[in-house]
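Undergrad: One structure follows; several queries about it will come next.
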Amino acid sequence: MAEQHSSKGIMVATIIVAIVLTAVVVPFSMKAEKSAADASSADQADSRIQPVARFELAKATPAAAAGPKDGATVYNSVCGACHGTGVAGAPKAGDKAAWAPRIAQGNDTLYKNAIAGKNAMPPKGGAPDLSDDEIKGAVNHLVGLSK
Ligand code: HEC
C-alpha cells in the first residue's frame, strides 16, 4: 500500500516536471525559431540584450571615473618595473646616492624628464595613457622613496 502510494507520488511529480519543462522550453524554442526566420533578428537580439549591456556600462563607469591614479599606484604598476630593480640603468628607488644629483635638478626637471623621457627611460615610463599629473605623482612617490 505504502509502495503504491509512493509510486503514485513519483508519477504525479513526473507529470508536473514534464508540464513545467514543456511550458518553459516550447515557447522558448518557438520564439528562437521565429526570430531566426525574422530578417531583423539581429536587431531584436541587440535590443533584447541592451538593458544588460547598459547595466554593465553603468556598473563600469564609477570605476573609470574613480579619478586619477595616485603616485604609489602608478609607481607600482609602471615605474617599479625599471626603478624597482635598476633595469636598463634606471636609478633604483631608495638608492640615495643615485637620486641625490637628480633630485638636485629640481622637481620641474624631474617631472619634465619623466613625462618626455630621457635616454633609456621612455616617455611617461612607456604608459602614454597616464596624465601628466599622474606622472608627477609617481615622481613624487619615487623621490620620496629615495631621499
Ligand atoms: C623602461 C624602464 C623605465 C620605466 C618603466 C621608467 N623609468 Fe624612469 N628612468 C629609467 C632610466 C633608464 C632612467 C635614467 C635616465 C638617464 O638619466 O639616462 C630613468 C630616470 C628617471 C627619472 C630621473 C630623470 C632625471 O632627470 O634624472 C625620473 C624622475 C623617472 N625616471 C621617473 C619615472 C617614473 C615616474 C616612471 C613611471 C611613470 C618611470 N620613471 C618609469 C627607466 C625607466
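Undergrad: For the stretch 71-146, rounded, prolate or oblate, judged on the Cα gyration tensor with a ≥ b ≥ c (square roots of eigenvalues), a/c < 1.5 rounded, else prolate if a/b > b/c?
TA: Rounded, because the longest to shortest axis ratio a/c is under 1.5.
Undergrad: Using a Förster distance of 25 Å, how high is the FRET efficiency between ALA104 and ASP133, based on the Cβ-Cβ distance and rounded to 0.05?
TA: Efficiency for this residue pair is about 0.60.
Undergrad: Now, a different point. Once you have the Cα-Cα distance between ILE16 and THR73, take 0.36 nm times their residue separation minus that, and quote the gain in nm to one decimal.
TA: Full-extension gain reported as 14.8 nm.
Readers should treat all values here as calculations from the given coordinates under stated rules, not as data from a laboratory. The structure presented is a predicted model; accordingly, all values stated were derived computationally and were not measured. Every residue, glycine among them, receives a Cβ derived from its backbone with ideal geometry; neighbour counts consider all protein chains shown.
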